[in-house]
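The values are calculated or read from the model by the stated rules, or taken from the named source; none is laboratory data. Note that the structure is predicted; figures quoted are calculated from it, not measured. Every residue, glycine among them, receives a Cβ derived from its backbone with ideal geometry; neighbour counts consider all protein chains shown.
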Amino acid sequence: MIRWKRTLRTASSERFIALRGQKAVATADVHYLASGMVAGTVVLDESAGWTEEQIPDVLAALDEDMLPEVDQARGTLHYSVVLGEIIGDFEHEEDEVRPAPPPSSGKRRK
């Protein structure tokens, strides 16, 4: 069982992280388009053991839990899904690129 948590919101986009217990197992970036459609990219962490059969349930959970105004069944929501290795978050500071604190750490990001 996973639960989705919003980590970022702008006027036209949002970022979510999927947690299984305390471990991040997926991320999603969604973009609200002027047409009323929503386009999203979901990245599943391959180390979490995802199977292709689980993908519809993951997308349905994100849709139902975090995106009530749109629906895949109605054709207002489109996802691209990537299975890969999540390396981390990085930020630029003082002429160097370094790892950023994870979004759930409570530290403020610049």
Legend entry - Output for segment 28-50, where each listed residue is β-branched (Val, Ile, Thr) and modelled with pLDDT of 95 or more: VAL30, THR41, VAL42, VAL43
Inset, instruction - Looking only at segment 63-77, decide whether some residue is free of Cβ contacts under 8 Å to residues at least 60 places away in the same chain, assigned to a helix (DSSP H, G or I) and of a type outside the set (Phe, Trp, Tyr). - result: yes
Legend entry - Residues satisfying the stated conditions in segment 68-110, i.e. modelled with pLDDT under 80, among the small types (Gly, Ala, Ser) and in contact with a strand residue (DSSP E or B) (Cβ under 9 Å, 6 or more places away or on another chain): GLY88, ALA100, SER104
Inset, instruction - Give me a count of the residues in segment 1-44 that are within 20 Å of GLY88 (Cα to Cα) and not in a loop (DSSP other than H, G, I, E, B). - result: 27
Legend entry - Members of segment 29-62 found to be without any contact (Cβ under 8 Å) to a residue 40 or more places away in the chain and touching a helix residue (DSSP H, G or I) at 6+ places or on another chain (Cβ under 9 Å), listed by number: VAL30, TRP50
Legend entry - Filtered residues of segment 39-53 (kept if closer than 11 Å to LEU83 by Cβ and either small (Gly, Ala, Ser) or surrounded by 14 or more Cβ atoms within 10 Å (Cβ to Cβ) (or both)): VAL42, VAL43, LEU44, ASP45, SER47, ALA48, GLY49, TRP50
